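Notes to accompany the following structure.
The values are calculated or read from the model by the stated rules, or taken from the named source; none is laboratory data. The model shown is predicted, which means the values in this text are computed figures rather than measured ones. Cβ placement follows ideal geometry from the backbone for every residue including glycine, while neighbour counts extend to all protein chains displayed. Side chains included, ligands, DNA and RNA excluded: accessible areas come from the protein's heavy atoms. Shrake-Rupley method; radii C 1.70, N 1.55, O 1.52, S 1.80 Å.
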Amino acid sequence: MNNQKNIVITGATDGIGLAAAVSIARKGYRIGLVGRNPQKGAIAREKIISLTGNDQLDFFEADLSSIKNVKSLAEQIKTKYSSLDVLLNNAGGANRYKIITEEGLEKTFATNQMNYFVLTTELLGLLSETSGSRIVNVASNAHIGSTIDYSNINAEKEYSFWKAYCVSKLMNLMFTYRLASIQDKVSVNALHPGFVDTNIAGNEGNFIKKIVKFGSKIFARSVEDGADSSIYLSTSDEVEGVSGQYYFKCKPIKSSKISYDQNQWDQIWSICEDFKQKILNEK
Ligand SMILES: NC(=O)c1ccc[n+]([C@@H]2O[C@H](COP(=O)([O-])OP(=O)(O)OC[C@H]3O[C@@H](n4cnc5c(N)ncnc54)[C@H](OP(=O)(O)O)[C@@H]3O)[C@@H](O)[C@H]2O)c1
């Protein structure tokens, strides 16, 4: 009998996702590495093999800011894997300027929240058929202090790159808590990686990038440390069956008061579901 476990990690070509992939490869998992850049995918693959000796790695190319691409990615994953033990939703970023995707979504919302929602809901069937399966969503304490302006989901009124990022991370938590509350076959948890020295500010223009890089050198955690809760929630026996929680440094923590507002969980869910249906039904 093949006991090898399968995990899909989005944003596995860099930063926290790549560090998590290295560590999880050491544990013998077969890994679906999701990225938008095949060259970076090939480099990540080689790095993981050279550091761990595990070559059970499949690269899936997808721009996760496109809902149609996310749907097609889910189809490819379902074709490739007959079981799925873990989905680690990690890919994310911030965009200095307002960008509306070809599908009509503000890009931060599309990449950071719609991507998590669509990939998860499309893979839920496969995950539910796999005993003890897990969904792990990388969120952030940047959500603290944020509220959702429902008339500005796609930056209809205004755009601030930091606000858009923080709101998307609040949505990640609401999505996690609602999903955990409505099904019991798959455990669903979220985490804050801390302030981690990565390329996350890479698209933010020179000034902001320089400030973040300067701060990173002084205060930030390494990518290996920043990946600790991603690895723990994805693989540890200690969290078997734990669901609907938010973690930092491998310990449960509280998120903001508003993130526990169940009416807003429902509201965010139905907004995401409506956009998903609308975009996927477009010719
Ligand atoms: N760094 C921090 O201090 C921090 C703090 C709190 C939360 N987080 C969260 O941690 C997660 C990982 O971020 P990171 O800091 O590791 O950043 P990162 O180094 O920039 O890595 C982000 C990963 O996501 C991928 N990605 C971004 N947009 C994508 C798209 N449209 N399609 C496909 N892949 C895409 C990137 O691909 P490319 O390699 O092609 O760029 C990269 O592999 C994010 O969810 C972020 O919000 C980070």
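Which residues make up the longest stretch of the chain clear of GluC sites (Glu not before Pro) that lie in a DSSP loop with no more than 14 other Cβ atoms within 10 Å, not counting the sites?
1-101
Using a 1.4 Å probe and ignoring any ligands, DNA or RNA, find the accessible area of C250 and quote it in Å² to the nearest 10.
30 Å²
For the range 159-168, what does the Karplus curve 6.51 cos²θ - 1.76 cosθ + 1.60, with θ = phi - 60°, yield as ³J(HN,Hα) per residue in whole Hz, taken in order and with x for Gly and Pro?
Whole-Hz 3J(HN,Hα) from phi for the range 159-168: 9, 10, 4, 6, 4, 4, 5, 4, 5, 4.
At 222 nm, what helix-only mean residue ellipticity would the chain give, in deg cm²/dmol to the nearest 500, using -39500 (n - 2.57) for each DSSP H run of four or more?
Working: 9 runs with 124 residues, N = 283.
Calculated at 222 nm, the ellipticity per residue is -14000 deg cm²/dmol.
Counting only protein chains, not ligands or nucleic acids, how are V34, V167 ordered by accessible area (probe 1.4 Å), most first? Numbers along the way, then the final one.
Numbers: V34 0, V167 30 Å².
Highest to lowest solvent-accessible surface, that is V167, V34.
State in Å² the accessible area per residue of the chain; use a 1.4 Å probe, count heavy atoms of protein chains only, and round to the nearest integer.
Accessible surface, normalised per residue, equals 46 Å².
Amide H neighbours of R221 under 5 Å, counting only residues 5+ apart in sequence or on other chains, H built in-plane at 1.01 Å?
F195, V196, D197
Would you mind checking the pairs K157/K278; K27/K249; K98/K251 and listing those with alpha carbons more than 28 angstrom apart?
Violating the 28 Å Cα-Cα cut-off are K98/K251.
Name the most mobile residue of I268, I24, I253, meaning the one with the largest mean-square fluctuation, in a Gaussian network model of the chain with Cα contacts below 10 Å.
I253
Could you list which residues have their amide H under 5 Å from that of F59, counting only those 5 or more apart in sequence or on another chain, with H placed in the peptide plane?
It is L33, by chain and number.
How big is the charge dipole of the chain about its Cα centre, in debye rounded to the nearest 20, if each Lys and Arg gets +1 on its Cβ and each Asp and Glu gets -1 on its Cβ?
So the dipole magnitude of the chain works out to roughly 600 debye.
With θ set to phi - 60° and the Karplus curve 6.51 cos²θ - 1.76 cosθ + 1.60, what are the ³J(HN,Hα) couplings of the range 96-106 in order, to the nearest whole Hz, using x for Gly and Pro?
4, 10, 5, 10, 9, 6, 4, 8, x, 9, 5
Return the distance in nm (one decimal) between the two label points of a simple spin-label model at I182 and S160, each offset 7 Å from Cα along Cα→Cβ.
Those two pseudo-labels are separated by 3.1 nm.
Could you derive backbone 3J(HN,Hα) for the range 77-82 from the dihedral phi with the Karplus parameters 6.51, -1.76 and 1.60 (θ = phi - 60°), listing whole Hz in sequence and x where the residue is Gly or Pro?
5, 5, 6, 7, 10, 8
Kirkwood Rh, Cα Rg: Rg to Rh for the chain?
The Rg/Rh ratio comes out at 0.93.
Got a number for the accessible area of M174? Probe 1.4 Å, square angstrom, nearest 10.
Accessible surface of M174 is approximately 0 Å².
Tally Lys and Arg at +1 and Asp and Glu at -1 over the other residues with C-beta under 14 Å from the C-beta of S168: what net charge comes out?
Its environment carries a net charge of +2.
For R36, what residues show an amide H to amide H distance below 5 Å, using hydrogens built from the backbone and excluding near sequence neighbours?
Those lying under 5 Å, H to H, from R36 are A62.
For V22, V242, what's the largest-to-smallest order of accessible area, 1.4 Å probe?
My answer, sorted largest first, is V242, V22.
In the range 221-272, if the dipole is taken from +1 on Lys/Arg beta carbons and -1 on Asp/Glu beta carbons about the Cα centre, which of N263, S222, C250 is farthest to the positive end?
The Cα lying farthest towards the positive end belongs to N263.
Compare the Cα positions of I16, S168, V188 along the charge dipole of the chain (+1 at Cβ of Lys, Arg; -1 at Cβ of Asp, Glu; about the Cα centre) and return the one farthest towards the positive end.
Farthest towards the positive pole: I16.
With the Cα gyration tensor of the range 1-94 giving a ≥ b ≥ c as the square roots of its eigenvalues, does the rule (a/c under 1.5 for rounded; else a/b larger than b/c for prolate; else oblate) give rounded, prolate or oblate?
In terms of gyration-tensor shape, oblate.
By the gyration tensor of its Cα atoms, with a ≥ b ≥ c the square roots of the eigenvalues, what is the shape of the range 1-44: rounded for a/c under 1.5, prolate for a/b over b/c, or oblate?
Prolate, because a/c is 1.5 or more and a/b exceeds b/c.
If you take the square roots of the eigenvalues of the alpha-carbon gyration tensor of the range 219-277 and sort them as a ≥ b ≥ c, do you get rounded (a/c under 1.5), prolate (a/b over b/c) or oblate?
prolate
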